[in-house]
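First comes the structure, then the notes that go with it.
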Amino acid sequence: MSLLFSPTKLGPLSLKNRLVMSPLTRNRAVGNVPNDLMAEYYAQRAASVGLIITEGTSPSPNGLGYPRIPGAFSEAQVAGWRKVTNAVHAKGTKIFLQFMHTGRIGHPNNLPAGAAVIGPSAVAAAGEIYTDAEGPKPHPVPKAMTEADIKTAIGEYAHAAKNAVAAGFDGVELHGANGYLLEQFIRPSSNRRTDAYGGPIENRARLVLEVVKAAIAAIGKDKVGIRLSPYGAFNDMPPYAEMEADYTYLARQLSALGILYVHVVDHSPMGAPTVPQSIKDTFRKEFKGALILSGGYDLARAEADLAAGKADLIAVGRPILANPDLIERWKVGAALNPPDPTTFYTPGPKGYTDYPVLTKEPQPA
Ligand SMILES: Cc1cc2nc3c(=O)[nH]c(=O)nc-3n(C[C@H](O)[C@H](O)[C@H](O)COP(=O)(O)O)c2cc1C
């Protein structure tokens, strides 16, 4: 019997299966507002999964570091997201909004007027960021956030969480992974602060835990999950000695706060450094809520990890990006469409809503 294809519960939510669509930035939100094309894209994939986690969406104008990514702070954005949640719920699928504040990963060219590239400390990330106006540009040195900036950002997450519920989302996922604002505070290479938000892990974890508490106060702990990338190196996040201890601390604190789930990223199938099984086991042991694992899953590995009790749910990114009918293909053992990286982040329907689905054999009359 397939565990992956069987219904389950995620806290109070009933899910039709244990497959989750990973958050995937697709840069189709022209003007930072979700639109009909995005509703079509999510609806296409909703039939395959029990839970969709949306692309990274900024709770603040300051967090719109990439071109054409959506926000969740304005009324127009709430109205746009409402189309998406309606289309997904019509397929019997739950949907969470991922909050991605890009922090120091960004460029003034990509930000609306009045917004700024901010971070824990004035330390630029190595590498470049794409801008529509001028192509790739070096990451700028971010403005080091004052305590007032930190309070503002926490308030923006809380406001956006309320907006998410108003837009019909079943909950929110805080993006604490992949080198964005929350992880910039967790990691000592990007956080050089000497105040209550820098130094020992109790301080470096303060922002993420305050954001979690603010989201819980805004919408309730059953509607809050978080994505973390222990050992992740993406966006200039080098390894350091206390990694295992720091993430163990986070697992315990998040468990005490009682949030719905932790979603652990493993990008080693994309060529990133290995994520030791020991840290995944630590989250399984220390965190009492649900655990979602992601990264390089195919059907066999998903079933094996569910059967071994390593995770409650399995998330997939590139397979569902390229195969809206992924679950049907897995059920019948059909070949998968390969993803086309040249259209991952380009505007318009090409490589977005035009991936082919299996054609059904004509039935005898
Ligand atoms: C095009 C693309 C966009 C992505 N955007 C996000 C994002 O917005 N938020 C996030 O947490 N991860 C993002 N990721 C990472 C994926 O969620 C996932 O962890 C990764 O693709 C590995 O899973 P897979 O092997 O199933 O594809 C992105 C990955 C890809 C390929």
Within segment 325-339, restricting attention to residues that are open to solvent by 50 Å² or more (accessible area, probe 1.4 Å) and assigned to a loop (DSSP other than H, G, I, E, B), which residue is farthest from the ligand (Cβ to nearest atom)? Gly333
Here are some residues: Ala47, Ala113. Which one is of a type outside the set (S, T, N, Q) and without any contact (Cβ under 8 Å) to a residue 40 or more places away in the chain? Ala113
Do you know which residues across segment 250-263 are in contact with a helix residue (DSSP H, G or I) (Cβ under 6 Å, 6 or more places away or on another chain) and either within 13 Å of the ligand (Cβ to nearest atom) or open to solvent by less than 20 Å² (accessible area, probe 1.4 Å) (or both)? Ala251, Ile259, Leu260, Val262
Could you check segment 221-234 and list, in sequence order, the residues that are open to solvent by 10 Å² or more (accessible area, probe 1.4 Å) and either free of Cβ contacts under 8 Å to residues at least 40 places away in the same chain or away from the ligand (no atom under 11 Å from the Cβ) (or both)? Lys221, Asp222, Lys223, Tyr231, Ala233
Take residues that are aromatic (Phe, Trp, Tyr) and tell me which of the helices (runs of 4 or more DSSP H) falling wholly in segment 180-246 contain 1 or more. 181-186
Leading residue by the ranking (nearest to Asp170 (Cα to Cα)) among those in segment 4-38 that are within 16 Å of the ligand (Cβ to nearest atom) and of a type in the set (D, E, K, R): Arg18
Go through (1) in contact with a strand residue (DSSP E or B) (Cβ under 6 Å, 6 or more places away or on another chain); (2) away from the ligand (no atom under 16 Å from the Cβ); (3) open to solvent by 10 Å² or more (accessible area, probe 1.4 Å); (4) hydrophobic (A, V, I, L, M, F, W, C) and name the single condition Val78 misses. (1)
Answer yes or no as to whether Thr8 is buried (at least 23 other Cβ atoms within 10 Å of the Cβ) and β-branched (Val, Ile, Thr). no
Can we say Lys83 is more than 16 Å from the ligand (Cβ to nearest atom) and under 19 Å from Asn27 (Cβ atoms)? yes
Hey, among the residues in segment 304-324 that are within 15 Å of Leu4 (Cα to Cα) and touching a residue at least 60 places away in the same chain (Cβ under 8 Å), which one's most open to solvent (accessible area, probe 1.4 Å)? Ala307
Out of the residues in segment 273-303 meeting the condition of being of a type in the set (Ser, Thr, Tyr) and assigned to a helix (DSSP H, G or I), tell me which one is surrounded by the fewest Cβ atoms within 10 Å (Cβ to Cβ). Ser278
If you go through segment 323-365, how many residues are among the hydrophobic types (A, V, I, L, M, F, W, C) and in contact with a Gly (Cβ under 9 Å, 6 or more places away or on another chain)? 1
Pick from segment 11-36 the residues that are under 16 Å from Pro67 (Cβ atoms) and of a type outside the set (S, T, N, Q): which of them is surrounded by the most Cβ atoms within 10 Å (Cβ to Cβ)? Pro34
Return the residue satisfying two criteria in turn: it lies in segment 40-58 and is open to solvent by less than 10 Å² (accessible area, probe 1.4 Å) and over 16 Å from Arg318 (Cα atoms), and of such residues it is nearest to the ligand (Cβ to nearest atom). Thr57
How many of the residues in segment 1-46 are touching an Asp or Glu at 6+ places or on another chain (Cβ under 7 Å) and among the hydrophobic types (A, V, I, L, M, F, W, C)? 4
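The values are calculated or read from the model by the stated rules, or taken from the named source; none is laboratory data. Given the structure is predicted, the values throughout are model-derived calculations rather than measurements. Cβ: placed from backbone, ideal geometry, glycine included. Neighbour counts: every protein chain shown. Heavy atoms of the whole protein, side chains included, go into the accessibility calculation; ligands, DNA and RNA do not. Shrake-Rupley method; radii C 1.70, N 1.55, O 1.52, S 1.80 Å.
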